[in-house]
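Below: one structure, written as structure tokens.
The values are calculated or read from the model by the stated rules, or taken from the named source; none is laboratory data. These figures come from a predicted structure and were not determined experimentally. Glycine gets a Cβ as well: all are built from the backbone with ideal geometry, and neighbour counts include every protein chain shown.
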Amino acid sequence: MRTMPAVLIVEDEPAIAELIAVNLRHNGFRPVWAMDSASAQRELDAALPDLILLDWMLPGESGLVLAKRWRSAARTQAIPLIMLTARGDEADRVAGLDAGADDYIAKPFSTKELLARVRAVLRRRTPEQAGEAITIGGLVLDPGTYRVSFEDRLLKLGPTEFKLLHYLMTHAERVHSRAQLLDKVWGDHVYIEERTVDVHVKRLREALAQAGAMVETVRGAGYRLTAQPIQTAAAAEKTGA
């Protein structure tokens with residue numbers, strides 16, 4: 001029997017939470033409701049959901065604070081997270097994505113759009129698992145074990161950053177526009193803005209640390225992954241430059 005994906009709804013307005021829960025339930029999901037940060041943490045401590053719908057404005061700690069905390073904790077950092085909020089300005093959307101959200105939806109929203117975003121985020125939660133490990137310039141990605149390392153140091157990547165890196169490494173040295181990356185990495189990108197790509201590339205570079213230089217911005221064109229910066233740095237070190 002197929003298990004229904006569990007969705008933790010962190011929302012302090014009962015009417016909105018009930019509307020979301022009913023629609024999720026009717027579409028094959030198992031909703032769990034928490035009305036504040038404390039009850040949300042209790043639910044997470046008891047069982048990890050497949051996805052979190054997190055309201056920005058909550059009694060006590062804000063959704064932004066919770067997103068940052070859950071993204072920094074090893075146990076919860078890989079859980080897909082969509083922020084729900086009445087704050088629709090670009091700066092707020094970017095703040096939500098920077099805090100670790102995989103997507104962002106402003107109130108009021110249609111339930112059809114919400115369900116589409118939930119499905120899209122869950123689709124990209126698990127990247128392609130087939131295939132052997134890929135190695136480029138000391139950077140190694142193993143789809144089978146879901147591990148990334150650079151010069152034998154294990155790196156921690158979120159699910160979207162892992163899939164983005166997987167695509168860039170399997171298409172190394174090619175330049176990809178934001179629209180192409182949305183199409184190939186996010187899949188159905190009807191509701192995703194191109195700005196989202198920039199936010200996830202920034203998060204990917206930060207997660208890769210020294211190897212982050214391998215993800216290059218090609219002005220006016222997009223992004224590419226190349227081993228050239230690593231090779232150049234290694235050559236300079238050998239010559240003492």
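Restricting attention to region 132-151, the residues that are at pLDDT below 90 and either closer than 23 Å to Asp50 by Cα or part of a helix (DSSP H, G or I) (or both) add up to 6. Of everything in region 41-64 that is in a strand (DSSP E or B) and touching a residue at least 60 places away in the same chain (Cβ under 8 Å), the residue that is farthest from Pro108 (Cα to Cα) is Leu51. Cβ separations smaller than 8 Å between residues 6+ apart or across chains give the following pairs from region 202-231 residues that are assigned to a helix (DSSP H, G or I) and buried (at least 19 other Cβ atoms within 10 Å of the Cβ) to residues that are hydroxyl-bearing (Ser, Thr, Tyr) and modelled with pLDDT of 90 or more: Met214/Thr226. Only one entry in Ala17, Ala67, Ala78, Ala38 is assigned to a helix (DSSP H, G or I), among the aliphatic types (A, V, I, L, M), in the same structural domain as Ile105 (by TED's automatic domain parsing) and within 21 Å of the chain's Cα centre (by Cα), namely Ala67. Considering only region 139-152, how many residues are more than 27 Å from Ala120 (Cα to Cα), in contact (Cβ under 8 Å) with a residue 12 or more places away in the chain and not aromatic (Phe, Trp, Tyr)? Result for region 139-152: 2. Checked against the criterion of being out of contact with any Cys (no Cβ under 6 Å at 6 or more places or on another chain), surrounded by 18 or more Cβ atoms within 10 Å (Cβ to Cβ) and modelled with pLDDT of 90 or more, the candidates Leu81, Leu97, Leu115, Leu154 yield just one match: Leu81.
One line per residue, one yes/no per condition, for (1) under 27 Å from His200 (Cα atoms); (2) modelled with pLDDT under 90; (3) surrounded by 14 or more Cβ atoms within 10 Å (Cβ to Cβ):
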position	(1), (2), (3)
Ile16	no, no, yes
Asn23	no, no, yes
Ile52	yes, no, yes
Asp55	yes, no, yes
Pro59	no, yes, no
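May I ask you to verify whether Asp92 is part of a loop (DSSP other than H, G, I, E, B) and either in contact with a His (Cβ under 6 Å, 6 or more places away or on another chain) or among the acidic types (Asp, Glu) (or both)? So Asp92 does not fit the description; no.
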